[in-house]
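The values are calculated or read from the model by the stated rules, or taken from the named source; none is laboratory data. Nothing here was measured: the structure is a model prediction, and the numbers come from that model. Counting neighbours? That spans all protein chains shown, and the Cβs are built from the backbone with ideal geometry, glycine included.
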Amino acid sequence: MTDVRKAILRSAAFLSMIMLMLVSAPTVDAAPPRLIVRGDDMGFSHAGNEAIVQCFRDGIETSVEVIVPSPWFPEAVELLAKYPNIDVGVHLALTSEWENLKWRPISHAPSLCDENGYFYPMIFPNKNYPGRSLRENDWKLPEIEQEFRAQIEMAKRRIPRISHLSGHMGCAFVSDNVKAVYRKLAREYGVELELDEQKLRSVTYVGPKATAAEKLTSFLKML
């Protein structure tokens, strides 16, 4: 394996990890905090898939989330079939944020797409992407619900043990109406919502995080 490929795998692993900590009620008999290390965005690249697998096979990751419309989702399905004990959620996506690696809706949803038919790179307005966020364009609520359903149903067909939903880049919170659809679909499909809905608190790096080495140092400092 080349040094470049190793660097890509390390970076993908750190970029994929979202750290969430369960906060118990402040009582005398309260259990200690529980750390859940989750790898999200599975399916966005081959290197990312390999890094996520390595993190739960050899590390402390216990949960992953797949992006159904992403280009390497089929490989993610095959890899997850080999590890039936890993928790899997659907990372609902309405954005395609990489410049040279794109994906699009798996349903007919033109209001969610840019001029090239891909998802917009951003959900909320961003000065670095003027006019290229979903929020700034004429999105249609029925198309968002349709696309969410399509992603959930494909995920459940390919990975029957799907346990929960979350929103990539905050896509479930574009508006109150979208949030209501998100909650409705979780009830309808019998899955949990993302951990922020379950009395958990997100934790993040403590310190610089521009490089893989900085991420490791800052992650350990957070712990």
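For the range 101-119, check the following and say yes or no: at least one residue is among the aromatic types (Phe, Trp, Tyr), farther than 27 Å from Leu80 by Cα and surrounded by fewer than 20 Cβ atoms within 10 Å (Cβ to Cβ). The answer is no, given that none of the residues of the range 101-119 is among the aromatic types (Phe, Trp, Tyr), farther than 27 Å from Leu80 by Cα and surrounded by fewer than 20 Cβ atoms within 10 Å (Cβ to Cβ). When you look at Gly131, is it of a type in the set (Gly, Ala, Ser), surrounded by fewer than 16 Cβ atoms within 10 Å (Cβ to Cβ), on the phi > 0 side of the Ramachandran plot and touching a Lys or Arg at 6+ places or on another chain (Cβ under 7 Å), yes or no? When the stated conditions are applied, Gly131 does not pass them.
For the range 188-201, residues that are modelled with pLDDT under 95 and in a helix (DSSP H, G or I) total 4. Checked against the criterion of being among the charged types (D, E, K, R), within 15 Å of the chain's Cα centre (by Cα) and modelled with pLDDT under 95, the candidates Glu61, Glu65 yield just one match: Glu61.
Scanning the range 57-71 for residues that are surrounded by fewer than 21 Cβ atoms within 10 Å (Cβ to Cβ) and either over 19 Å from Thr95 (Cα atoms) or among the aliphatic types (A, V, I, L, M) (or both) returns Arg57, Asp58, Gly59, Ile60, Thr62, Ser63.
Specify which of the listed residues (Val90, Val64) is without any contact (Cβ under 8 Å) to a residue 60 or more places away in the chain, assigned to a strand (DSSP E or B) and out of contact with any Lys or Arg (no Cβ under 6 Å at 6 or more places or on another chain). Even if it seems obvious, please write down each step before you answer.
Details: Val90 fails: without any contact (Cβ under 8 Å) to a residue 60 or more places away in the chain.
After applying the criteria, what remains is Val64.
Only residues that are exposed (fewer than 14 other Cβ atoms within 10 Å of the Cβ) and part of a helix (DSSP H, G or I) were counted in the range 140-169, giving 2. A single member of Val53, Val68, Val64, Val88 is closer than 16 Å to Ile106 by Cβ, among the β-branched types (Val, Ile, Thr) and touching a Leu at 6+ places or on another chain (Cβ under 9 Å), and it is Val68. Sub-8 Å Cβ pairs linking a first residue in the range 129-148 that is among the acidic types (Asp, Glu) to a second residue that is in a helix (DSSP H, G or I) and exposed (fewer than 13 other Cβ atoms within 10 Å of the Cβ), at least 6 apart or interchain, are Glu143/Pro110, ordered by first then second residue.
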